[in-house]
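Note sheet for the following structure.
The values are calculated or read from the model by the stated rules, or taken from the named source; none is laboratory data. Because the structure is predicted, anything quoted here is derived from the model rather than measured. Glycine gets a Cβ as well: all are built from the backbone with ideal geometry, and neighbour counts include every protein chain shown.
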Amino acid sequence: MSSLPAPDRPRPESLTDLFVSFSLLTLQGFGGVMAIVQRELVEKKRWLSAEEFIEDWAVAQVMPGPNVINMSLIIGGRYFGLKGAMVALAGMLAAPLFIVLTLALIYAQFASRPEVAGALRGMGAVAAGLIGATALKLTKALKNNVLGWRWCATFCLVSLVAIAALRVPLVYVIFGLGGLASTLAYRKLQA
Amino acid sequence: MNAQLELVFGAAEWLEFFFHYLSLSLLAVGGGIATIPEMHRFLVDNNLWLTEAQFNASIAIAQAAPGPNVLFIALLGWNVGLNAGGYLSGLWGIFLAMAGMLIPSTLLTYNAAQWGQRNRDLRSVRAFKQGMGPIVVGLIMSTSLILATTSGHSLDHWPLWLMSAITALICWRTKLHILWLLTAGALIGWFGWV
């Protein structure tokens, strides 16, 4: 536990706190949980700074497995080791699994109603906007990046165009562009 | 998901099912969504364990429900189980699919993250995190754009795009709770305004 950040920082008090926090967080995550993770853990609970969120998210992206699941493993593991990782993972999955199953059981009755399809579409658009806001908020964490703002803007735009417009497979962007950016950062850190 | 299949599942089939997910787990860089085409080929095309409608509904429901989108994998397992018997084998299907999908990636990610945390002062670890920063932000922006245009790229969808953009601005600039925004989106969609 010597690797924990500043000791006066807020942190999960117990495994129960961790489980409940992740359960509440995941239950707000319609159409994806990432926007909520940023909002709850960075802005409200302050377990992470914006910079740490980006760093952890980078690891969660590069590793196989769902990003938010990886994120819960990383954060839970940091505070309580393997036990914490498993508890955070369980918090992330238990309640939503129950809800998803319930929805699947009643889905057949209502699937044909256009209002239901419309509501899903509306929530989808909102979910997309929430994720956009997360990206906008995180740009401020790049201010102190060793690459400098010009390189940051370039890498950010290139990855955006590659994924959203050109539909380049994620693996190439992460390992190709990510390798390039990390190498550049490595050289700048020396100087 | 009304139409079900009637499958006979023995230990061999369940094992094959489990190993399919085990083998996909480490390929799911960037999340489970990237592995959807491979699952479709295995479950629907090759083995005929799921109908097309069951496959699509599993993904749509998991997207709409709260929680990680990876739960579509649980629903795929549930539906395979229903086809193979009933609710009990449905639960068994959920367990095998989720365990197969999550165990390998979880072990790898947990150990890599712990290693990174112990060695976070290494120049290479710092360089990785600094270098990946702008790319992570770019990827999150891409996710937003892709999700905003799932209904299509035709200009007819401008009300949906406008709603996404306004949501982004509100969430960026205010402390309004996300559930209010989602409720508003659901109501606007329910009444057919977007």
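Enumerate the pairs (first residue in segment A:67-78 and more than 7 Å from every other protein chain (Cβ to nearest Cβ) and closer than 13 Å to A:L25 by Cα; second residue anywhere and buried (at least 24 other Cβ atoms within 10 Å of the Cβ) and not acidic (D, E)) with beta-carbon separation below 7 Å, excluding pairs fewer than 6 apart on the same chain, so at least 6 apart or on different chains.
Every condition considered, the pairs that remain are A:M71/A:V37; A:M71/A:W57; A:M71/A:A60; A:S72/A:F22; A:S72/A:A88; A:S72/A:M92.
Could you say which residue among B:W92, B:W161 is within 30 Å of A:A119 (Cα to Cα) and at pLDDT 90 or above? Don't jump to the end; show me each part of the working.
Numbers: B:W92 fails: within 30 Å of A:A119 (Cα to Cα).
After applying the criteria, what remains is B:W161.
Any residue at all in segment A:44-51 that's at the interface with chain B (Cβ under 7 Å from one of its Cβ atoms) and either touching a strand residue (DSSP E or B) at 6+ places or on another chain (Cβ under 8 Å) or not β-branched (V, I, T) (or both)?
Restricting attention to segment A:44-51, the residues satisfying the condition of being at the interface with chain B (Cβ under 7 Å from one of its Cβ atoms) are none.
No, segment A:44-51 contains no residue that is at the interface with chain B (Cβ under 7 Å from one of its Cβ atoms) and either touching a strand residue (DSSP E or B) at 6+ places or on another chain (Cβ under 8 Å) or not β-branched (V, I, T) (or both).
For segment A:9-36, how many residues are in a helix (DSSP H, G or I), of a type in the set (V, I, T) and within 14 Å of chain B (Cβ to nearest Cβ)? Break it down stepwise before answering.
First, pick out the residues of segment A:9-36 that are in a helix (DSSP H, G or I): A:15-27, A:34-36.
From what's left, of a type in the set (V, I, T): A:16, A:20, A:26, A:36.
Going one step further and asking which of them are within 14 Å of chain B (Cβ to nearest Cβ), we end up with A:26, A:36.
The qualifying residues number 2.
What number of residues within segment B:150-164 satisfy the criterion of being facing another protein chain (nearest Cβ under 7 Å) and crowded, with 17+ Cβ neighbours inside 10 Å? Full working, then the answer.
Just the residues of segment B:150-164 that are facing another protein chain (nearest Cβ under 7 Å), to begin with: B:150-151, B:160, B:163-164.
Checking which are crowded, with 17+ Cβ neighbours inside 10 Å leaves us with B:160, B:163-164.
The qualifying residues number 3.
Return the total of residues in segment B:23-44 being more than 12 Å from chain A (Cβ to nearest Cβ) and at pLDDT 90 or above.
3
Is segment B:123-133 home to any residue that is touching a Ser or Thr at 6+ places or on another chain (Cβ under 8 Å), within 20 Å of A:A117 (Cα to Cα) and buried (at least 24 other Cβ atoms within 10 Å of the Cβ)?
For segment B:123-133, residues touching a Ser or Thr at 6+ places or on another chain (Cβ under 8 Å), within 20 Å of A:A117 (Cα to Cα) and buried (at least 24 other Cβ atoms within 10 Å of the Cβ): absent.
If B:Q114 passes every condition in (1) surrounded by 15 or more Cβ atoms within 10 Å (Cβ to Cβ); (2) more than 7 Å from every other protein chain (Cβ to nearest Cβ); (3) in a helix (DSSP H, G or I) but one, which one does it miss?
(2)
One line per residue, one yes/no per condition, for (1) crowded, with 23+ Cβ neighbours inside 10 Å; (2) among the basic types (K, R):
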residue: A:G29; (1), (2): yes, no
residue: A:A35; (1), (2): yes, no
residue: A:R39; (1), (2): no, yes
residue: A:I54; (1), (2): yes, no
residue: A:L97; (1), (2): no, no
residue: A:L101; (1), (2): no, no
residue: A:S112; (1), (2): no, no
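Can you tell me how many residues in segment B:73-103 are among the aromatic types (F, W, Y) and buried (at least 24 other Cβ atoms within 10 Å of the Cβ)? Spell out the reasoning first.
Residues of segment B:73-103 that are among the aromatic types (F, W, Y), as a first pass: B:78, B:87, B:92, B:95.
Then keep just the ones that are buried (at least 24 other Cβ atoms within 10 Å of the Cβ); that gives B:78.
Of the residues in segment B:73-103, 1 are among the aromatic types (F, W, Y) and buried (at least 24 other Cβ atoms within 10 Å of the Cβ).
So which of B:S142, B:S89 ends up being within 7 Å of chain A (Cβ to nearest Cβ), part of a helix (DSSP H, G or I) and not aliphatic (A, V, I, L, M)?
Residue meeting the stated conditions: B:S142.
For B:L147, all conditions in the list (1) more than 7 Å from chain A (Cβ to nearest Cβ); (2) in a helix (DSSP H, G or I) hold save one; what is the number of the exception?
Unmet for B:L147, out of (1) more than 7 Å from chain A (Cβ to nearest Cβ); (2) in a helix (DSSP H, G or I): (1).
Scan segment B:45-78 residue by residue and report those that are of a type outside the set (G, A, S), facing chain A (nearest Cβ under 8 Å) and in contact (Cβ under 8 Å) with a residue 24 or more places away in the chain.
Of segment B:45-78, the ones of a type outside the set (G, A, S) are B:45-52, B:54-56, B:59, B:61, B:63, B:66, B:68-73, B:75-76, B:78.
Now drop any that are not facing chain A (nearest Cβ under 8 Å), which leaves B:61, B:63, B:66, B:68-71, B:75, B:78.
Hits for segment B:45-78 are B:N69, B:V70.
Would you mind finding the one in A:A165, A:A153, A:A119, A:A181 that is among the hydrophobic types (A, V, I, L, M, F, W, C), more than 8 Å from chain B (Cβ to nearest Cβ) and more than 20 Å from the chain's Cα centre (by Cα)?
Numbers: A:A153 fails: more than 8 Å from chain B (Cβ to nearest Cβ); A:A119 fails: more than 8 Å from chain B (Cβ to nearest Cβ); A:A181 fails: more than 8 Å from chain B (Cβ to nearest Cβ).
Unique residue meeting the criteria: A:A165.
Hey, could you check segment B:167-188 for residues that are β-branched (V, I, T), free of Cβ contacts under 8 Å to residues at least 24 places away in the same chain and facing chain A (nearest Cβ under 7 Å) and say which is surrounded by the most Cβ atoms within 10 Å (Cβ to Cβ)? Before the answer, list the steps.
Restricting attention to segment B:167-188, the residues satisfying the condition of being β-branched (V, I, T) are B:167, B:170, B:174, B:178, B:183, B:188.
Right, trim to free of Cβ contacts under 8 Å to residues at least 24 places away in the same chain and you get B:167, B:170, B:174, B:178, B:183.
Imposing the further condition that a residue be facing chain A (nearest Cβ under 7 Å) reduces the set to B:167, B:178.
Values: B:T167: 27, B:I178: 21.
Here the residue is B:T167.
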